[in-house]
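Below you'll find the structure, written out as structure tokens, and then a few comments.
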Amino acid sequence: MTQEPVNLFSDTQTRPSTAMRRAIAEAEVGDEQRFLDPTTLALEGRVAELLGHEAGLFLPSGTMCNVIAFRLHLRPGGDEAILAANSHPVNFEAGSPATLAHAMTRQLDTPTGIFSPDQLEAAVRAPEDRYAPRSRLVSVENTTNHGGGRVWPLETIEGVLEVAERHGLRTHLDGARLMNAAVAAGVPAADYARGFDSAWIDFSKGLGAPAGAVLVGSRDLIDEAWRHKQMLGGALRQSGMLAAACLFALDHHVDRLAEDHEHARLLAQSLSKLPGVEIDPASVDTNIVVFGVADAPTVAQRLWNAGVQVTPLGPRRLRAVTHRDVDRREIYRALRAFRAVLGMQPVP
């Protein structure tokens, strides 16, 4: 029998477990739009408390969380969002900040995806300059995706929030993998999230649910977010079936994220010993391993042919993401393929 490939393409590839499927099937449901779905209401309240905010809103995807938050924070007439150049809204949301939120973006060049308070200070435009876009929103991605799964130091977040407050800027936390950050750093998720005007967590990545994210903020902000959810087609009916999967994930899949982080460190340490590979194992904080090679598309294809799925990030970088559907045995399978393929590569 042919083995399934080791899927390190992304942690979005996780599939619901048998127990999660049972929770989905047994979920108590009602009409979400009439606030009659008890499971969805329970999830929204739980995530709001988890992240230290007043209220939550269940949404189908994290991308919808970002675009609704951007719409809420940005005004018509040239408002600007400040964020990392390699962040998800800039690169992987089909231009929705511009198209749906009318956002200019001021993109900060930071390979790790983490920018400093000084970088933010330098990027804020003078409000009296009528020729320039108006700085309005700061967006932070924790953990950073293309920055290699890096965890923002809490003191850096606090410094960024201080600069934003001084300039009267709105703040948003893209917390697609926030629970990875919380587990890796041993910092409660609320400590990362409560200082932002809006924040969210995703359930379809390392937490293993088939879909869903929850946006949190003040009660007034979430009330207005509901209108945009309706407008964008994100309003559902018996959403409790999806919400049940998310509640199950919170109960059973958070602490085990540490196992994914351990697997990522094992990959990074082994890759660092191969010729032609550029990686600092100490830079791997969570479950994302980004490493340099001479020809990323060619190496990715060879790895896929060898039964390991990874993602090229441009001409010289690859990304491998560990998750709950890849166990230790498959990590060792992947390492054997890496050695066979990357051992052939010349040292740049």
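Coordinate-derived values only; no laboratory data. Predicted model only: the values in this text are computed from it and were never measured. Backbone-built Cβ (ideal geometry, glycine too); neighbour counts: all protein chains shown.
Quick rundown of the values:
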item: Between segment 135-180 and segment 267-292, the alpha-carbon center distance in angstrom; result: 25
item: Residue-averaged [θ]222 nm for the chain, counting only DSSP H segments that reach four residues, each worth -39500 (n - 2.57); result: -12000 deg cm²/dmol
item: Interchain or long-range residues, amide H under 5 Å from Ile201's placed H; result: Val214
item: Amide H contacts of Asp79 (H built 1.01 Å from N, under 5 Å, at least 5 apart or other chain); result: Met104, Arg134
item: Residue among Thr99, Thr39, Thr322 with the largest mean-square fluctuation in a Gaussian network model of the chain, springs linking Cα atoms under 10 Å; result: Thr99
item: GNM top mover of Asp255, Asp220, Asp79 - the chain, alpha-carbon springs below 10 Å; result: Asp220
item: Residue range of the chain that is longest and free of chymotrypsin sites (Phe, Trp or Tyr not before Pro) which are both DSSP loop and sparsely packed (at most 13 other C-beta within 10 Å); result: 132-348
item: Kirkwood-based Rg to Rh ratio, the chain, C-alpha trace; result: 0.98
item: Per-residue HN-Hα couplings for segment 168-181 [Karplus 6.51, -1.76, 1.60; θ = phi - 60°; Hz; x = Gly/Pro]; result: x, 8, 6, 9, 9, 10, 7, x, 3, 10, 4, 5, 4, 4
item: Translational diffusion coefficient (Stokes-Einstein; Kirkwood radius from C-alpha pairs) of segment 273-338 at 20 °C, 1.002 mPa s, in µm²/s; result: 174
item: Rounded Å value of the spacing that divides the Cα centres of segment 29-79 and segment 1-25; result: 26
item: In sequence order, calculated HN-Hα J values of segment 26-31 (Karplus, 6.51, -1.76, 1.60; Hz; x Gly/Pro); result: 9, 5, 7, 10, x, 8
item: Likely footprinting exposure, Glu128, Glu330, Glu44, Glu141, fewest C-beta neighbours within 10 Å first; result: Glu128, Glu330, Glu44, Glu141
item: For segment 321-337, Karplus couplings with θ = phi - 60° (6.51, -1.76, 1.60), whole Hz, Gly/Pro x; result: 10, 8, 6, 5, 8, 10, 8, 4, 4, 6, 4, 5, 4, 4, 4, 5, 5
item: Under-5 Å amide H pairs with Thr171, H placed in peptide plane, nonlocal only; result: Val138, Asp197, Ser198
